Amino acid sequence: MSHINPFTNAMQQFVQAVAVLSQSGRKVSKKEIKLFKEKIELMRFPKRIINVSVPVRMDDGSLKIFEGYRVQYDNTRGPYKGGIRFHPAVNLDEVKALSFWMTMKCAVANLPLGGGKGGVIVNPKELSESELEQLSRGYASAIANVIGPDIDVPAPDVNTNGKIMGWMVDEFIKVKSQKSKVRISKTEREKLKATFTGKLIADGGSEGREEATGLGGLYVLQAVIKRMQSPKKQLTAAIQGFGNVGYNAARFLFDSGIKVIAVSDSKGGIYVPDGINPEMTLACKKKNGMLSGCYCSGSVCDVSKGKPISNEELLLLDVDILVPAALENVINKDNAGKIKARIILEMANGPTTAEADIALHDKGIIVVPDILANSGGVTVSAFEWEQNLRGLHWTKKEVNRRLFDKMNEATENVWNASRSFKTDLRTGAFIVAILRLI
Ligand code: NAD
C-alpha cells in the first residue's frame, strides 16, 4: 500500500471542493465571505483528540499496553459518530482523516450526527478471545467520560464487530453505573445502549445493520447507473476486501444480477471468470481459513473454475465496476492510469488518493465517493441510535425501506450538485456536505 498521509489526502479533497464552491459565482456579501472563510478554516481541525493507553493482561501472564485514539472531529449537526478500528497500521492521522470523512458522510446522508472515529494499534488476530475482550472493555472504559448517546456514538470498523460493540457497551454502562450517585433505572440503561451502534440484535442492535454498508452501496450504485443511461447488459465487478463490507457488497451485487469475477482479502484473491457465489465462497473461506482455493461458482467449489490473483492484479481487471472495500490509498498514482473499470464504487474509506482522482477523471472513470457509497452503514447506525433512544425495534423490511430512501435522496443530491457545479461526484458530495455544515 502506498504511504500517503490519509489526512493530507482528505484535506486535498476538501480544499478542492472549497475552491469549486468559492468560484461558483454565488452572490454573497463580504460578511458572508468572511464567515465562510472562518468556518472553512475551522473545519480543517478536529475539535478534540483523545489519546488512550489500554493495559491487557496477556494469557502468558505478561502485561501489554496498547495505544489508541478517539478523534471527535465535528458536532455541528449532532453527536460525533464513527467506528472503532483495531489494526496494526492505525495512527493519529488516519483516525483524523476517518473522523473528518465521517463528518462529511453524515452531512451527505443528511443525518443528525457529526463525525468521529477511534482506533487502537493492535493486530487483533494475534490476541486470544479473552485478550480481545479485555482490550475492547479497556478501550471503552478509557473513553467512557467523553462518549454517550448525546455526545459521541462509536460503531464497528475494520476488525471490530457486533460482539465487540456488546463488550464495549456493557463496560460503558458499568463505568457509568459505578460513577453515578443514584441508581441507573432500566429505562436509562436502555437509552445508554444508544452510545454504541452496530451491536448484535440481542444487545439492542438494529435489524439490517450488519449488512447495511453493502446494501447501501448497491442502492447508491443502482441510482448512479440509472443516471448514466448506459446500454443494458450484464455488468461485471471485482471487489477488494472480503470482510463485513466486501462480503456483503459481493452478496448484494450478485443478488442484483451483477457478475462478481474476483474478490480478495489481506492474503490475496481469487479470479473466477464465471462469477463467484459469495455465500459459498465465504463458507469455503471459513472452513479453509483463507480465500485461496475457494473458486466457488454456481453451486460448486472447484479448483478448475478459477485461479489465484494478487490484490494489485484485482484492481487492474477489465470489469465494469471496481469495488475497493479494504483500506486507504490502494488506488494511487502508481496504478490509477492502468485501471480499466468504468465505475469505482468506494466502499472502503479513502481508497483513492487525490492524485489518482485526477488520473481517473481524465480517463472518464466515474468514482462514486466513499462519503456517499459507504454511507449505508452509518445511516442504519443512525436508525439503531434512534430506535434505542425511542425504545423501538423496526423490522428489517422497515429498516431497508428507510435505507433505500436515504441512499436515493443522497445520490440525487450529490449527482445534482456535481452537475450544477460542473464537477466530479466526490467534489459534488463535499459541496453538499459543506453547505449543510457552514
Ligand atoms: P473488516 O475487518 O470486516 O474487513 C476488512 C477486509 O479487508 C478483510 O477481508 C481483510 O482481509 C481485508 N484487507 C485488510 N488488509 C488488506 C489489504 N492490504 N489488501 C486487501 N485486503 C485487505 O472491515 P470492514 O468493516 O469490512 O471495513 C472495510 C472498509 O470499509 C474500511 O475502509 C472501513 O473503514 C469501511 N467501512 C466500514 C463500514 C462498516 O459498517 N463496517 C462502514 C463504512 C465504511
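The values are calculated or read from the model by the stated rules, or taken from the named source; none is laboratory data. Given the structure is predicted, the values throughout are model-derived calculations rather than measurements. Heads up, the Cβs are rebuilt from the backbone with ideal geometry, glycines too, and the neighbour counts pull from every protein chain shown. For accessibility, only protein heavy atoms count, side chains too; no ligands or nucleic acids. Shrake-Rupley method; radii C 1.70, N 1.55, O 1.52, S 1.80 Å.
Details
- Compared with the alpha-carbon gap, the fully stretched path from K34 to D93 is longer by 18.4 nm at 0.36 nm per residue.
- Selected from V71, V319, V108 as most flexible by GNM, with the chain as the system and alpha-carbon contacts under 10 Å: V319
- Global geometry of the chain, whether rounded, prolate or oblate, following the gyration tensor of its Cα atoms and the 1.5 cut on a/c: oblate
- The range 95-136 residues near the modelled I184 label - backbone nitrogen below 18 Å, point 7 Å along Cα→Cβ: 136
- Loop exposure criterion: trypsin sites (Lys or Arg not before Pro), DSSP state outside H, G, I, E and B, at most 15 other Cβ atoms within 10 Å. Applied to the chain, the longest stretch between such sites is 45-180.
- Between the amide H of I84 and those of G118, A155, D157, distances stay under 5 Å, these residues lying 5 or more places away or on another chain, with hydrogens modeled in the peptide plane.
- Tensor-based shape of the range 138-202 (alpha-carbon gyration tensor, a/c under 1.5 rounded, otherwise prolate or oblate): prolate
- Label-point separation in nm, K267 to S304, each point 7 Å along Cα→Cβ: 2.6 nm
- Note on the chain: GNM, Cα springs under 10 Å; of S266, S375, S230, the largest mean-square fluctuation is that of S230.
- Among the listed pairs K39/K181; K233/K305; K96/K285, those with a Cα-Cα distance over 28 Å are K39/K181; K96/K285.
- Amide H to amide H distances under 5 Å link D265 with G241, where only residues 5 or more positions off or on other chains count and H is placed in the peptide plane.
- Taken one residue at a time, the phi angles of the range 161-172 give Karplus couplings (6.51, -1.76, 1.60, θ = phi - 60°) of 8, x, 5, 5, 4, x, 4, 5, 5, 5, 5, 4 Hz. Gly and Pro are set to x.
- Whole-Å semi-axes of the ellipsoid equivalent to the range 301-438 (Cα gyration tensor, √5λ, descending): 30, 23, 12
- Residue-by-residue Karplus 3J(HN,Hα) for the range 106-114, coefficients 6.51, -1.76, 1.60, Hz, glycine and proline x: 5, 6, 4, 7, 6, 9, x, 9, x
- Note that the chain presents 43 Å² accessible area per residue, ligands and nucleic acids not counted, probe 1.4 Å.
- Note on H87: accessible area is roughly 40 Å² with a 1.4 Å probe, heavy atoms of protein only.
- A straight chain from S230 to R401 at 0.36 nm per residue would run longer than the Cα-Cα distance by 59.0 nm.
- Between the range 199-254 and the range 161-178, the Cα center-to-center distance that results, in Å: 29 Å
- Remark: accessible surface ordering of D357, D274, D170 (largest first) is D274, D170, D357, probe radius 1.4 Å.
- The largest accessible area among E171, E131, E312 belongs to the first residue in E312, E171, E131, and the rest follow in falling order (1.4 Å probe, all chains).
- Largest to smallest accessible area among Y69, Y271 [probe 1.4 Å]: Y271, Y69
- Solvent-accessible area of T103, all protein chains in place: 10 Å² (probe radius 1.4 Å, heavy atoms, ligands and nucleic acids excluded).
- Carbon + sulfur, % of accessible area of the range 234-393 - ligands and nucleic acids excluded, 1.4 Å: 54 percent
- Most mobile of D334, D318, D424 in a GNM of the chain (Cα contacts under 10 Å): D334
- With both labels modelled 7 Å from their Cα along Cα-to-Cβ, the K286 to T8 distance reads 4.2 nm.
- Rolling a 1.4 Å probe over the protein heavy atoms of the range 1-96, with every protein chain left in place, gives an accessible area that is 55 percent carbon and sulfur.
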